[in-house]
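Encoded as structure tokens, the structure appears first; notes follow it.
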Amino acid sequence: MSGSRSIVKLALASPPVSVESARTQPAIQVSNLSIVFDTKRGQTIAVDRVSFDVAPGEFVCIVGPSGCGKSTVLNTIAGLEVPFEGDILVEGSPVYAPRPDVGMVFQQPHLFPWKSVRRNIAHGPRMHGKSKADANAIADDLIAMIGLKRFADAYPNTLSGGMQQRVAIARALANQPRVLLMDEPFGALDAQTRAVMQDNLLELRDRIKATIVFVTHDIDEAIVLADRVLIMSAGPGRILRDVAVKLPRPRSSSIMVEPTYLSLKKDCLDVIRAEGLRAFNQSDAS
Amino acid sequence: MQDGTSAPQKIALRTDGRNRRTDSARLRRLNILVGALSLPLFVGLWELASRSGAVNMVLFPPPTVVAAAVLEWIRSGQFLGDLSASLLRVTTGFIVGGALGILLGILTGQFPVVSSLLSPLFHILRPIPPIAFVPIVILWFGLSEAGKLFLVVWGVFFTVWLSTHIGVQKVDRGLIRAALMLGTPRRQMLQEIVLLGALPYIVVGLRTAVSISFYTLVAAELAGTFAGIVYRIEIAQQNMQTGQVMGGLAALGLISFIADRLFAALAERTVWWR
Ligand SMILES: Nc1ncnc2c1ncn2[C@@H]1O[C@H](COP(=O)(O)OP(=O)(O)OP(=O)(O)O)[C@@H](O)[C@H]1O
Ligand SMILES: [Mg+2]
């Protein structure tokens, strides 16, 4: 299947693509993306001309205030939402609908309550035509990776929130996506569990080598995890700043006391504060 | 991070089986006892009242007379015939009506076009009490079993259809999105995610339909037939066998009670993840 896709890609690329540029082709290209919702009170602009690229294997965090359109951007990359304007390319090809090479983890785990942990994780491979045995083997590998071996046959309603979210991550990884989208996956967890989950994710990330776009409104979480942090303005969402996080890897949440970390955080907070003030004054004026 | 305390010890478990929950357990046992006495008390009072001479014993026979009539009914072999005739009507009607209701409920719930086509019609037909169809059913089907089936199916269908329709529309959007992201094809989406997601609603609809099916059974058998529990009640009434009438009513109550309980137990198992 991947073979046939690469043939199509070659045939479509009219000017011969050099090896160099093929290697640096972004995993995700968002250009001039605007998203408008029709509501009862007319149209709302949720996202206003957002552009950014994500390099293959890069870990990008998007931060911004509630309602600024983070989820909307992510859903559109996932193919769950249709852009009003602009284009989205994943691995060079446009996104029209959910694709097997793009995985998603939502703020809520959304596990299938009637399926055991193993069968939840095996769902994706099963849907892609894998045999039951193969799908279960994939699931068992991932279950070991997320440290839930003891719960392989448990049902979601018997798991804690953190465990459920780990299963949701494993379920998204079971299809071996090239791009993993995560929408505030740890937002509903307590601070302790969240720190553990962040470390888990960093470890996992070294093994799966997927490109990750991670939405959060926690600036600490963003800096700990990301190679780059995109800061969005209050709605309609636009990208205010693109901050490179040049902290050494492997990282863990203990990095949060380093001076380089703190100065980065200060930069980000300054941008956010200025934006908050602007938004506040604007809403006051109107 | 300091290890100031030793490893926490587990609390000691009591081995005598007593804890604070024991008191509420005692209260519960009392309630069960009172519950068990409820029926005998009622039957005893009934016996006394009807033998006291204050009421007409022919119209209001005591439980012993009713029991004798029921025994006679069973011994004559008619009871088995009546029971199976009624149960057959109810179960076939329930299964056919339920299956149609689930199928169309999924279609109208999932596809707006189908809903636009059928929902207005269903919403107009639904409120008409099934009993009101008895005259036309007799014209169409005469006294045949098809007519009886039609009435029960009619009664069951709309309830199941509506609850399935609502259930499908209330399926957690998050589950659907998650399934979409995992590459679930349309067919699997309907068969698995939508159907199971709507199942709690469907089951509630089916349970309501259990009592509706008995209620339409009454109409169906009163419309004229040759066997059945309600038919027997009607015949007994014409012969002034009040004991048999009451026995029939009790049998009907008991059967629909058992059906409801069985269904509730089944439902609990079907949507165990709730
Ligand atoms: N389906 C929809 N219909 C109408 N408006 C919507 C819809 N989804 C989102 N919006 C609007 O778009 C804007 C962005 O919403 P979005 O959910 O993307 O925000 P967010 O940044 O993810 O917020 P949060 O941090 O609270 O999750 C909001 O103003 C919201 O009201
Ligand atoms: Mg959101």
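The values are calculated or read from the model by the stated rules, or taken from the named source; none is laboratory data. Since the structure is predicted, the reported quantities are computational estimates derived from the model, not experimental observations. Because the Cβ atoms are built from the backbone with ideal geometry, glycine has one as well, and the counts that use them run over all protein chains shown. Protein only, heavy atoms only, side chains kept; ligands, DNA and RNA dropped before computing areas. Shrake-Rupley method; radii C 1.70, N 1.55, O 1.52, S 1.80 Å.
Computed over protein heavy atoms with a 1.4 Å probe, the accessible surface of chain A works out to 50 Å² per residue. Computed per residue of chain A from DSSP H runs no shorter than four, each worth -39500 (n - 2.57), the mean residue ellipticity at 222 nm is -12500 deg cm²/dmol. Put simply, the convex hull of the Cα atoms in the range B:129-274 casts, on average, a shadow of 10.7 nm². Comparing B:ALA179, B:ALA251, B:ALA223 in a Gaussian network model of chain B (Cα springs below 10 Å), the most mobile by mean-square fluctuation is B:ALA179. Taken along its principal axes, the alpha carbon cloud of the range A:138-286 reaches lengths of 57, 36, 29 Å, longest axis first.
Excluding same-chain neighbours fewer than eight residues apart, the lysines reachable from A:LYS149 by a Cα-Cα span under 24 Å are A:LYS115, A:LYS130, A:LYS132, A:LYS209.
Residues whose amide H lies under 5 Å from that of A:VAL215, counting only those 5 or more places away or on a different chain, are A:ILE62, A:MET182, A:ASP183, A:GLU184; hydrogens are built 1.01 Å from N in the peptide plane. Entry note, the range B:146-268: relative contact order of 29 percent, from Cα contacts under 8 Å with a spacing of 6+ residues. On the range A:52-195, 49 percent of the accessible area sits on carbon and sulfur atoms, based on a 1.4 Å probe. Solvent-accessible area assigned to carbon and sulfur over chain B amounts to 68 percent, based on a 1.4 Å probe.
Only helices enter this figure: runs of n ≥ 4 DSSP H residues, each worth -39500 (n - 2.57), summed and divided by the residues of chain B, yield -25000 deg cm²/dmol at 222 nm to the nearest 500. Each part gets one Cα centre, and for the range A:242-264 versus the range A:181-200 those centres are 17 Å apart. Between B:ASN239, B:ASN56, B:ASN31, find the one with the highest GNM mean-square fluctuation for chain B; connect C-alpha pairs within less than 10 Å. Evaluated over chain B, the most mobile residue of the options is B:ASN31.
Computed from backbone phi with θ = phi - 60° and the Karplus coefficients 6.51, -1.76 and 1.60, the 3J(HN,Hα) list for the range A:107-114 is 4, 9, x, 6, 6, 6, x, 8 Hz; x is used for glycine and proline. Using only alpha carbons, chain B has a radius of gyration to Kirkwood radius ratio (Rg to Rh) of 1.14. Amide H contacts of A:ALA174 (H built 1.01 Å from N, in plane; Pro and chain starts excluded): no residue 5 or more places away or on another chain comes under 5 Å. Residues of the range B:150-182 buried by at least 50 Å² of accessible area upon assembly of all protein chains, compared with the chain on its own (1.4 Å probe): B:LEU175, B:ARG177, B:MET181, B:LEU182. Label positions at B:VAL55 and B:PHE257, each projected 7 Å from the Cα along the C-beta direction, are separated by 1.8 nm. Taking all protein chains into account, the per residue accessible area for the range B:133-175 stands at 43 Å² (1.4 Å probe).
Could you list, bin by bin from short to long, the percent of Cα-Cα pairs of the protein assembly as shown in 20 Å steps? Computed distribution, short to long bins: 16, 35, 27, 17, 5, 0. Of the residues in the range A:99-124, those shielded by at least 40 Å² of accessible area once partner protein chains are present, compared with the chain alone at a 1.4 Å probe, are A:PHE106, A:HIS110, A:PHE112, A:PRO113, A:TRP114, A:HIS123. Summed over both chains, the contact between B and A buries some 1900 Å² of accessible surface at a probe radius of 1.4 Å. Applying a DSSP loop filter and a limit of 11 other Cβ atoms within 10 Å to the chymotrypsin sites (Phe, Trp or Tyr not before Pro) in the range B:209-274 leaves B:PHE226, B:TRP272. The distance from the alpha carbon centre of the range A:114-164 to that of the range B:100-162 is 42 Å, rounded to a whole number.
Computed from backbone phi, the HN-Hα couplings of the range B:46-62 come to 4, 4, 4, 4, 7, 8, 5, x, 6, 10, 6, 5, 6, 7, 10, x, x Hz, rounded to whole numbers (Karplus: 6.51 cos²θ - 1.76 cosθ + 1.60, θ = phi - 60°; Gly and Pro given as x). 3J(HN,Hα) couplings calculated from phi for the range A:158-170 with the Karplus curve 6.51 cos²θ - 1.76 cosθ + 1.60 (θ = phi - 60°) are, in sequence order, 9, 9, 6, x, x, 5, 4, 5, 5, 5, 4, 5, 4 Hz; Gly and Pro show x. Using only the C-alpha atoms, the convex hull of chain A corresponds to 158 Å³ per residue. Distant-in-sequence amide contacts of A:SER34, defined by a placed amide H-H separation under 5 Å and a gap of 5 or more residues or a different chain, comprise A:ARG49, A:VAL50, A:PHE84, A:GLU85, A:GLY86.
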